[in-house]
Amino acid sequence: MRNPKNMLIVGIVLLVAGVCILLFNPDQSAANLEIARNAKNAQEAAAAISGNNQRELMIHMAGNFLAGIGIALTAGGFFLKRKKQ
């Protein structure tokens with residue numbers, strides 16, 4: 001993608017998407033506490049909390065990945081645009 005205008009637009013969209021994912025992801029510690037309270041035994045609680053933590057990790061990884069790609073494309077588009085001027 002060598003068109004700086006397209007890089008800038010795609011970068012900003014990805015950056016906004018990544019930041020929104022990171023900001024609007026609820027805190028899972030309250031959910032983990034509720035899972036632990038309602039579990040029938042320790043193994044069931046541990047498995048449910050582990051699954052919940054893995055889901056939270058994947059959401060954070062996706063948000064950080066999109067934000068990072070967005071920053072890189074936005075910066076690249078900005079520098080290419082300035083270079084062409």
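The values are calculated or read from the model by the stated rules, or taken from the named source; none is laboratory data. Note that the coordinates shown come from a computational prediction; the quantities given were computed from them, not determined experimentally. Positions of Cβ are backbone-derived with ideal geometry, glycine not excepted, and every protein chain shown enters the neighbour counts.
So here's what we get for this one:
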| item | result |
| --- | --- |
| Test set (1) surrounded by fewer than 16 Cβ atoms within 10 Å (Cβ to Cβ); (2) within 30 Å of LYS5 (Cβ to Cβ); (3) within 14 Å of the chain's Cα centre (by Cα) - LEU57 fails condition number | (2) |
| Some residue of the stretch 8-18 being modelled with pLDDT of 90 or more, farther than 26 Å from LYS81 by Cα, touching a helix residue (DSSP H, G or I) at 6+ places or on another chain (Cβ under 9 Å) and surrounded by 14 or more Cβ atoms within 10 Å (Cβ to Cβ) | no |
| Output for the stretch 19-48, where each listed residue is modelled with pLDDT under 90 and acidic (Asp, Glu) | ASP27 |
| Output for the stretch 26-48, where each listed residue is closer than 17 Å to HIS60 by Cα and of a type in the set (Asp, Glu) | ASP27 |
| Helices (runs of 4 or more DSSP H) lying entirely in the chain (those with 2 or more residues that are in contact (Cβ under 8 Å) with a residue 60 or more places away in the chain) | 4-24, 42-84 |
| Selection within the stretch 61-85 - surrounded by fewer than 13 Cβ atoms within 10 Å (Cβ to Cβ) and farther than 14 Å from PRO4 by Cα | MET61 |
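Here is a yes/no grid of residues against (1) more than 13 Å from ILE69 (Cα to Cα); (2) of a type in the set (A, V, I, L, M):
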{"site": "LYS5", "(1), (2)": "yes, no"}
{"site": "ALA17", "(1), (2)": "no, yes"}
{"site": "ASN25", "(1), (2)": "yes, no"}
{"site": "ALA31", "(1), (2)": "yes, yes"}
{"site": "LYS40", "(1), (2)": "yes, no"}
